[in-house]
Amino acid sequence: MAETPAQLSRSRDLDKLLLRPGNLIGANFEPGEELRDDIGKYAKVLVLGAGGLGCELLKDLALSGFQNLEVIDMDRIEVTNLNRQFLFRFEDVGKPKAEVAAKRVMERVSGVNIKPHYCRIEDKELDFYSDFSIIVLGLDSIEARSYINAVACSFLEYDSDDNAREETIKPMVDGGTEGFKGHARIILPGVTPCFECTIWLFPPQVKFPLCTLAETPRTAAHCIEYAHLIKWDEVHSGKAFDPDEAEHMKWVYNEAVKRAVLFGIPGVTFSLTQGVVKNIIPAIASTNAIISAACALETLKLASGCSKTLSNYLTYNGAEGLHTKVTEFVRDKDCLVCGPGVLIELETSITLQKFIDLLEEHPKLLLSKASVTHQGNNLYMQAPPVLEEMTRSNLNQVLFDLMGKTAKSILHVTGTTSKNDKKFSTLRKLRVVFKGVDGVTDMDTAGGA
Amino acid sequence: MAEPKTKYDRQLRIWGEQGQAALEKASICLLNCGPTGSETLKNLVLGGVGSITVIDGSKVEVGDLGNNFMVDESSVGQSKAKCVCAFLQELNDAVKAKFIEEYPEALIETTPSFFSQFTLVVALREANVMLIFARSYGLTGFVRISLKEHSVIESKPDHFLDDLRLNNPWPELRRFAESIDLDTQDSVAHKHTPYVLILVKMAEQWAKSHGGSLPSTREEKKEFKDLLKAKMVAMDEDNYKEAIEASFKVFAPRGISPDLQQILNDNRAEVDSNSSDFWGDGGCSEGSFIPSGISLLHSNLEFIANQGGGEAPLEGSIPDMTSSTELYVNLQNIYQAKAEADFLSIEQRVCRYRSIEDEFNSPILPELQKYLTDEDYSSVAIGFYILIRAVDRFAANYNSFPGQFDGGMDEDISRLKTTAVGLLSDLGCNGSTLTEDLINEMCRFGASELHAVAAFIGGIASQEVIKLITRQFVPMSGTFVFNGIDHKSQLLSL
């Protein structure tokens, strides 16, 4: 077999898919060297999380032709990461994950540039996120997914027929694993269900009723939670329990054992104590590899159109035999997050302060401590202090004026809502209409003007 | 050096110290370290297998840099086995990593006994060596386990199918339920009686007044639920609410499902005839959790027919439920004791696999035809399965894979079509065809290995390796065919 020049290129295999026309392809597929080069040069992909999924994703995307990647992770490397987060070595323990992961992939894959961000996803401005072609989620919490979903959906604009405007759709690819199970999904806000439309897929965490812990413990976990949530406070008046403090954990374990003996309940171990108290989710390399690979492949297909895409939710279960399943979920048309937005009618005389107070009482929002943004301008920011001080003078001003006297416009508000006694950061999109203004009609999309 | 227990904490929570010890004793051999094989080994090295041996005679080319993370620019021109092995060693110094710069085909030819030293070979059905095939090809690929037989020690169902036997309690459970009188309890005891006991008692009562049968019609089921409701003495009795919600478990037919019964009957015939061509490819399942398509062996069959009284062995775990501590712990002990007794009655839980050679030469025809005519889910997967085999035949005839080189695409497409039709006819499926679209796509793929596809296939392969080595969890059955177009992949039993 003769070697043609193509065999000498590092894109030898990828070229087959990107340079050749195909039959089972996406809508805007235009095969050619230009497509390949555009993916390398112009497609910017953001990876959220540099953990079990994130490490795999960065490698997979770098080897799928993407050359502009950024990654956010707020954690530092721990010893328990090393069984699966293959970009980290023992010497790296204690260093920020995002930085080490980016460096390792750049060392091995030439031409790839990865910018690490060692921070929380909430620390970045909306503008930061709007810059990316695709956002890939390798996150481990529902709250973080919910937040970034709201961010991506905040860019979405609708035309006067309530159809999503294609150029405002920010695609997301989401992965998640637990033990031998996992999922991968594509979220095209306004087209496929967003994270919030199908929030019921993630059942709330099991919380034990306090009376069960106090009076009728039945399982080892009940004994552990009794020691952790009740006994600790009884004995250590005022001293907070710290799960990373080895002595604290040992104390909880010993107390849990005592309680288990008292009630004749089997199964309390130190490892289980750590698991219950820290809510540790078992994790292995292979499941992360499978789910990340599916996410990276879908990212490549979204960016290039070189094949059809997943529609729209893949589940994998390898615990008993091997099961994969694709489910096509449908959008919730009334979704607060990816829908056209919560409609709010306002008097033209309302001040920004009054408006913020109103958000707290609005039955669909119940949003306290709101920060308000209009077309990228901060009208009022609760934090950081510098910004708060800069925007404070706006509070007494009339909102209608602050928004440039347009009859209809889009506002983004972030604040906190509480659910089951827990507080969450929430971002909401509002469709504001001022009463009695003869403005331009059919300007539902003024936010994009 | 990290404390190994800490490093492996997140996986020890899945397979425990026993599983980990098995991994640390295992020696794995990889034939050909392209991206698929390299990714497979990566996941196993991270998990801490005992030793790995990478066998590959080729040198690293520039093209390999685009799809294999384990080689870099400094590797070009060097032994691929050596470079991949060096990277893998970096991941975990507890693993013994070796490489042999030789083509596996040559090694098989000259010293076949070489392979018997390994626990598992990735890519010969040598005595007592497990073998797994994994391959990626464009947007498709497959994984296939090949070994003579495999026994599962613990299948660890991860969610309760709620096999509580409420519709068919064994004597110990029945006696325990009888010891409680729902009508004379004080209110505290009444709201702390686990729903399992409530349902066993109520079902017993119902059966007594209905000639031994349990509620089956819609009216009867409603009546039964109303009886439960009537037993409540206060609105806040969560145990009764749980009982009403779980009452469908009383209505379920006793014993194993008719589908499963059919499978068992088919299997029994084959086992009795001592055929080595066992029905389907099998993983084997412990207990009552029996995924479809999995073949059970002798011992399990015997259990269901004899000691089990028509039921599969009990799994034994019970979900948490509203209860007093004492009743819950006692209940747990009764289920555990039954599960242990059932366990002892089963001598062995074994799965056997059909040889790959048998599958290739004489696939199970009705199954094959069923897949080929299924227009819904699996048509693409079976299409890829046939085409992966067809491209190998193509390569044997024409010295290259269809579309491997630029130019001559139209000719390759028509040759591949002819090859696929010929293959289908050899398999006994005359007249079956594959779609033009799929044939065109296969030629477009041109034997490429995309990293993301390789990582997916390698991930699946390593997952199955772990299940085989730890002897926990049920390994996959059949041939897994990856469909990278829309992810409607499938397990084929051929």
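The values are calculated or read from the model by the stated rules, or taken from the named source; none is laboratory data. This is a predicted model, so every value here is computed, not measured. Every residue, glycine as well, gets a Cβ built from its backbone with ideal geometry; the counts of neighbours run over all protein chains shown.
Scan (1) modelled with pLDDT under 95; (2) out of contact with any Phe, Trp or Tyr (no Cβ under 8 Å at 6 or more places or on another chain) for the single condition A:V79 breaks and write down its number.
(2)
Residues of segment B:76-98 being touching an Asp or Glu at 6+ places or on another chain (Cβ under 8 Å), in a helix (DSSP H, G or I) and among the small types (G, A, S), which ones?
B:A81
Mind checking which strands (runs of 3 or more DSSP E) fall wholly inside segment A:261-362 and carry at least 1 residues that are among the hydroxyl-bearing types (S, T, Y)?
A:313-317, A:323-327
Among the residues of segment A:69-94, write down those that are buried (at least 19 other Cβ atoms within 10 Å of the Cβ) and away from every other protein chain (no Cβ under 14 Å).
A:L69, A:E70, A:V71, A:I72, A:D73
Scan segment B:85-119 for residues that are among the polar types (S, T, N, Q) and either in contact with a Leu (Cβ under 7 Å, 6 or more places away or on another chain) or at positive phi (or both) and jot them down.
B:N92 - this is the single residue of segment B:85-119 that is among the polar types (S, T, N, Q) and either in contact with a Leu (Cβ under 7 Å, 6 or more places away or on another chain) or at positive phi (or both).
Tell me which helices (runs of 4 or more DSSP H) are completely within segment B:367-458 and hold 3 or more residues being touching a Cys at 6+ places or on another chain (Cβ under 9 Å), or say none if there are none.
Here the list reads B:409-426.
Here are B:L494, B:L427, B:L423, B:L416: which of them is of a type in the set (A, V, I, L, M, F, W, C), buried (at least 22 other Cβ atoms within 10 Å of the Cβ) and more than 10 Å from chain A (Cβ to nearest Cβ)?
B:L416
Please specify each residue of segment A:105-122 satisfying the condition of being within 14 Å of chain B (Cβ to nearest Cβ) and more than 17 Å from A:F88 (Cα to Cα).
Across segment A:105-122, the qualifying residues are A:S110, A:G111, A:V112.
Restricting to segment B:35-59, name every residue that is out of contact with any His (no Cβ under 9 Å at 6 or more places or on another chain), crowded, with 24+ Cβ neighbours inside 10 Å and farther than 18 Å from B:Q11 by Cβ.
Correct list: B:T36, B:G37, B:S38, B:V54, B:I55, B:D56.
Only one of B:K241, B:K229, B:K221, B:K225 is assigned by TED's automatic domain parsing to the domain that holds B:I198, more than 34 Å from the chain's Cα centre (by Cα), over 23 Å from B:D163 (Cβ atoms) and charged (D, E, K, R); which?
Exactly one of B:K241, B:K229, B:K221, B:K225 is assigned by TED's automatic domain parsing to the domain that holds B:I198, more than 34 Å from the chain's Cα centre (by Cα), over 23 Å from B:D163 (Cβ atoms) and charged (D, E, K, R), namely B:K229.
Within segment A:221-254, work out how many residues are assigned to a helix (DSSP H, G or I), closer than 23 Å to A:V206 by Cβ and hydrophobic (A, V, I, L, M, F, W, C).
Total satisfying the criteria: 9.
Being within 20 Å of A:E56 (Cα to Cα) and aliphatic (A, V, I, L, M), is that true of even one residue in segment A:149-171?
no
Specify which of the listed residues (A:T177, A:T219) is at the interface with chain B (Cβ under 10 Å from one of its Cβ atoms) and either within 24 Å of A:R428 (Cβ to Cβ) or of a type in the set (S, T, N, Q) (or both).
Step by step, each of A:T177, A:T219 is checked, and only A:T219 is at the interface with chain B (Cβ under 10 Å from one of its Cβ atoms) and either within 24 Å of A:R428 (Cβ to Cβ) or of a type in the set (S, T, N, Q) (or both).
In the list B:A26, B:A81, B:A22, B:A86, which residue meets the criterion of being among the small types (G, A, S) and surrounded by fewer than 20 Cβ atoms within 10 Å (Cβ to Cβ)?
Among B:A26, B:A81, B:A22, B:A86, only B:A86 is among the small types (G, A, S) and surrounded by fewer than 20 Cβ atoms within 10 Å (Cβ to Cβ).
So which helices (runs of 4 or more DSSP H) are wholly in segment B:1-57 and hold at least 3 residues that are polar (S, T, N, Q)?
Helices (runs of 4 or more DSSP H) meeting the threshold: B:9-25, B:35-47.
Looking at segment B:69-126, which of the residues that are among the hydroxyl-bearing types (S, T, Y) and closer than 20 Å to B:E449 by Cα is farthest from the other protein chains (Cβ to nearest Cβ)?
Filtering first and then ranking leaves B:S79.
Across segment B:430-474, what is the total count of residues that are within 7 Å of chain A (Cβ to nearest Cβ) and within 26 Å of B:T419 (Cα to Cα)?
Within segment B:430-474, residues that are within 7 Å of chain A (Cβ to nearest Cβ) and within 26 Å of B:T419 (Cα to Cα) number 10.
Let's see how each residue does on (1) surrounded by fewer than 18 Cβ atoms within 10 Å (Cβ to Cβ); (2) over 23 Å from A:G376 (Cβ atoms); (3) of a type outside the set (S, T, Y):
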residue	(1), (2), (3)
A:P96	no, yes, yes
A:R104	no, yes, yes
A:E107	yes, yes, yes
A:D131	yes, no, yes
A:G138	no, yes, yes
A:E143	yes, yes, yes
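Looking only at segment A:203-215, decide whether some residue is out of contact with any Phe, Trp or Tyr (no Cβ under 7 Å at 6 or more places or on another chain) and crowded, with 24+ Cβ neighbours inside 10 Å.
There is no residue in segment A:203-215 that is out of contact with any Phe, Trp or Tyr (no Cβ under 7 Å at 6 or more places or on another chain) and crowded, with 24+ Cβ neighbours inside 10 Å.
Tell me, which residue of segment A:300-353 that is more than 13 Å from chain B (Cβ to nearest Cβ) and of a type in the set (K, R) is surrounded by the fewest Cβ atoms within 10 Å (Cβ to Cβ)?
A:K333
Within the set of pairs 6 or more residues apart or between chains, which connect a residue that is more than 16 Å from A:E56 (Cβ to Cβ) and not assigned by TED's automatic domain parsing to the domain that holds A:L63 inside segment A:92-112 to a residue that is among the acidic types (D, E) and assigned to a loop (DSSP other than H, G, I, E, B) with Cβ atoms less than 6 Å apart?
From residues that are more than 16 Å from A:E56 (Cβ to Cβ) and not assigned by TED's automatic domain parsing to the domain that holds A:L63, there are no pairs.
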